[in-house]
1. Pull out a ≥ b ≥ c, the square roots of the eigenvalues of the alpha-carbon gyration tensor of the range 242-292, then state rounded if a/c is under 1.5, prolate if not and a/b is larger than b/c, and oblate in the remaining case.
2. Put a dot 7 Å past each Cα toward the Cβ at residue 54 and residue 216; how far apart are the dots in nm?
3. Can you tell me the alpha carbon radius of gyration of the chain divided by the globular rule-of-thumb value 2.2 N^0.38 Å?
4. Based on the Cβ-Cβ distance from residue 31 to residue 115, what FRET efficiency comes out when R0 is 30 Å, to the nearest 0.05?
5. Among 254-260, 270-276, 176-182, what's the highest-first ranking by average C-beta atoms within 10 angstrom per residue?
6. Which one, 90, 304, 185, projects farthest toward the positive side of the charge dipole computed for the chain from Cβ point charges (K/R +1, D/E -1)?
7. So how do 268, 188 rank on accessible area, 1.4 Å probe, biggest first, that is with the largest at the start?
8. Treat every Asp and Glu Cβ in the range 204-321 as -1 and every Lys and Arg Cβ as +1, leave all other atoms uncharged, and give the resulting dipole magnitude about the Cα centre to the nearest 20 debye.
Amino acid sequence: MIVKAYSSTYYLEALKGLIQRLSLSNPKRQELENEYMRIKAGDIGEKVVMDTLEQLQLPYDFYVFHNLSLLLESKIQIDVLILTASYIIIFEVKNIKGSIELRQNPSQLVRTLPNGEVHAFNSPEPQLQEYVHQLKRFFLNQNMNISIYGAIIFPFTTSFIKQTSNKTTILLKNEIKPFLRSMPTSTKCLSNNEIEHWKSYFMRKHKEFNPYPLMNRYKISRETILNGVICSQCGKIGMQRIAFVWFCSNCFNKSTNAHEYAIYDYLKILNNTITNKECREFLRIKDIYQSSRMLKNMNLKKSGTYKNAKYMLPEEDISNR
């Protein structure tokens, strides 16, 4: 049973907006483009694993959580967690193309591309071991002794696993189902009531990560971030407001609501609040009443009045925009 369904990284579009608002010569741009592609690839890999688990049938109840964030000894972000009466397992999903080596002492994941390029990444092993350790300690502190396992999954055949570790289980997508069917279930550690309790507990304690404003998260200086309304058709910054529409002089696209995406960009990239003046400067318009109507017609939370009015994303929308 899927308890917490697959969902893509919600701030990926905001990160794309930040990249678009940096000049091509900005030294941070390539770094952010790499980050964007890494997150996007991770989402694709995790979806494949979740799709596989949706098809899984076992002779006992099991409960699946995607992208579970818990505060134990520290904050941990689990790609996939499976809860059963006999065991808990954590899956760390890696979608990395090329020849993969998991090296020890020091722990590194080394990827070699077909063209010979070699890249080194932090190994997922220490992180996975830490997550398993913290979850074990947590349950022991609750006087509950349940087996907790971890595995690293490479969901695509574009990952050629050249060298692995004896410390950690490494799986490809087609090995997920046989692996779970082979898990020991002779000892039942949790009752049905306890299973229901922990299902509810994990969902209740899950805390969405709030990365906004991205400018601070990625240490980007404000003056390097370009103002203006982005054309959704060609990506050019600087659509002009003509009558009641936004017009792109580059591709001649017209839009009635392009300003909404720009205002969301401001609230996610630059600051968690926006004033009328800041809105006008960011959209490159001059009419105070026009910007006021734009802000009021959006689903934004307002604090203060008149010149002191500030607008922000509603709490329930922060992880959905």
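1. Here the range 242-292 falls in the oblate category.
2. Reported label-point gap for residue 216 and residue 54 is 3.6 nm.
3. The value comes to 1.20.
4. Numbers: r = 21 Å, r/R0 = 0.71.
About 0.90, to the nearest 0.05.
5. 270-276, 254-260, 176-182
6. Final value for the positive-end residue is 304.
7. The most accessible residue leads, giving 188, 268.
8. 200 debye
The values are calculated or read from the model by the stated rules, or taken from the named source; none is laboratory data. Nothing here was measured: the structure is a model prediction, and the numbers come from that model. Backbone-built Cβ (ideal geometry, glycine too); neighbour counts: all protein chains shown. Calculation scope for accessible area: heavy atoms of the full protein, side chains included, ligands and nucleic acids excluded. Shrake-Rupley method; radii C 1.70, N 1.55, O 1.52, S 1.80 Å.
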